[in-house]
Each structure stands twice: as C-alpha cells, then as structure tokens.
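Before any comments, here is the structure.
The values are calculated or read from the model by the stated rules, or taken from the named source; none is laboratory data. None of the values given here were measured: they were computed from a predicted structure. Here the Cβ positions follow ideal geometry from the backbone for every residue, glycine too, while neighbour counts run over all protein chains shown.
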C-alpha cells in the first residue's frame, strides 16, 4: 500500500518555492580592490577580537532566526567576506544591519567567535564610514530630541506613582551632549566615504595655497 504523503506537501511547497524565488547575488571583486587589513581592523574593534577563530562551520547560520526567514542574512558569509578583505562590500551592504542580537550564535559557536559582537563591531566601523542604516538615524534623532528612545507618557508616570516610584522626566541635554560628542549626527548623514573625501580636497587646496 502506497504511503499517502499529500498532507505534508502543501506546507512544504511554499518554503521550497521561496528558496527558488531567491536568487543568490554573486559579487565579482577585483583582487586589487581587496583590503588585506580589513580583518585586523575589525579585530581591533571592541567585540571583533575573535574573528580570526572562525573556521566557517556554519553553526551561526543554522541557529539564526533571521537567516531562517531572510536568506540575505548569513553571518558566516559576512565573516568570510571580512577575512577576504571585501571591505567596501561588507560596509555598504544591508546584511550587517539585520542581526537581531538574539545571541543564539554567540552561545553555540564551537570556536567562541562571538558573531553577534563581530557584527556590532562591523556596524561601528560602517557608521564611522558613513554607512549608517536609516533605522539608527531615526534613533539618533529621538535621543537628541527626548534623551531616550522610548517616550515616557503621563500614563506611565501615573502607574509609577501608584507603585511609589519616582517620575521619569525627559532630560535631553545630557544625552544630546553625548550624542554630539561622539559625532553621531554627522555619521548619520547620507554621505559615503567617497563624498567625504571630495569635500576635503578643496579645504586642503586652500591650506596649500596659504
């Protein structure tokens, strides 16, 4: 008697179809464009110290809830690209901002690579280079305006009062001072490194003329 497996097929087809619909993007890179020091740069950033330990086992991808839903995100691939020196492709890509910070890969990595922290280190470098994601730009604006990311309503303070907790007030100036000291608004501007270099050239020319 033939086994009837028709009951499982409807739920499996959408997943298979989704995989077929995703077309992997192959990046062609000239060897002259690779940055052999990029891995060391990430390793010097807080959180990126263990990037050299990765041997590409794929545990991080297997445990990643984001990678399960979005094939664009592959932490193993990102780390491999860093090790190859693909600096521009990594920093300008959207994949580095998809990490949810769940720390599943952090806990299960057999080499203690700490992929979550490595992604954070890469994000810091990307931000300094002018590749800040739009979600973080909005967060910077909220910090400058209210001093916090989540607005505290009157309802929240009334609830705190009932619990004999002190009222929370928006105190933007101290937070704004920290944000401006770290030049976060400047980093969040829609500018790429090439544009920044072009802006510096006229100034350098004037100084040379003097």
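For this structure, a couple of remarks:
Yes/no matrix, rows are residues, columns are (1) free of Cβ contacts under 8 Å to residues at least 60 places away in the same chain; (2) within 20 Å of residue 173 (Cβ to Cβ):
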residue: 111; (1), (2): no, no
residue: 114; (1), (2): no, no
residue: 120; (1), (2): no, no
residue: 127; (1), (2): no, no
residue: 131; (1), (2): no, no
residue: 136; (1), (2): yes, no
residue: 142; (1), (2): yes, yes
residue: 145; (1), (2): yes, yes
residue: 149; (1), (2): yes, yes
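- Checked against (1) at pLDDT 90 or above; (2) outside any helix (DSSP H, G or I), residue 4 passes all but a single condition, namely (1).
- One residue stands out among those in region 134-150 that are more than 21 Å from residue 96 (Cα to Cα) and either outside the structural domain of residue 178 (by TED's automatic domain parsing) or out of contact with any helix residue (DSSP H, G or I) (no Cβ under 8 Å at 6 or more places or on another chain) (or both): the one that is surrounded by the most Cβ atoms within 10 Å (Cβ to Cβ), which is 142.
- Of the residues making up region 54-75, not a single one is free of Cβ contacts under 8 Å to residues at least 40 places away in the same chain and within 17 Å of residue 35 (Cα to Cα).
- Scanning region 26-48 for residues that are outside any helix (DSSP H, G or I) and touching a residue at least 40 places away in the same chain (Cβ under 8 Å) yields 27, 29, 34, 35, 36, 37, 45, 46, 47, 48.
- The test for being modelled with pLDDT under 80, assigned to a helix (DSSP H, G or I) and more than 16 Å from the chain's Cα centre (by Cα) does not hold for residue 68.
- Some residue of region 113-120 being farther than 30 Å from residue 186 by Cβ and out of contact with any strand residue (DSSP E or B) (no Cβ under 8 Å at 6 or more places or on another chain): yes
- Those residues of region 98-115 which are at positive phi and more than 11 Å from the chain's Cα centre (by Cα), in sequence order: 103, 112, 114
- Of all residues in region 74-97 being part of a loop (DSSP other than H, G, I, E, B) and modelled with pLDDT of 90 or more, the one that is farthest from the chain's Cα centre (by Cα): 85
Residues are listed down the side, and each one gets a yes or a no for (1) under 24 Å from residue 79 (Cβ atoms); (2) in a helix (DSSP H, G or I); (3) at pLDDT 80 or above:
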| position | (1), (2), (3) |
| --- | --- |
| 106 | yes, yes, yes |
| 117 | yes, yes, yes |
| 136 | yes, yes, no |
| 139 | no, yes, no |
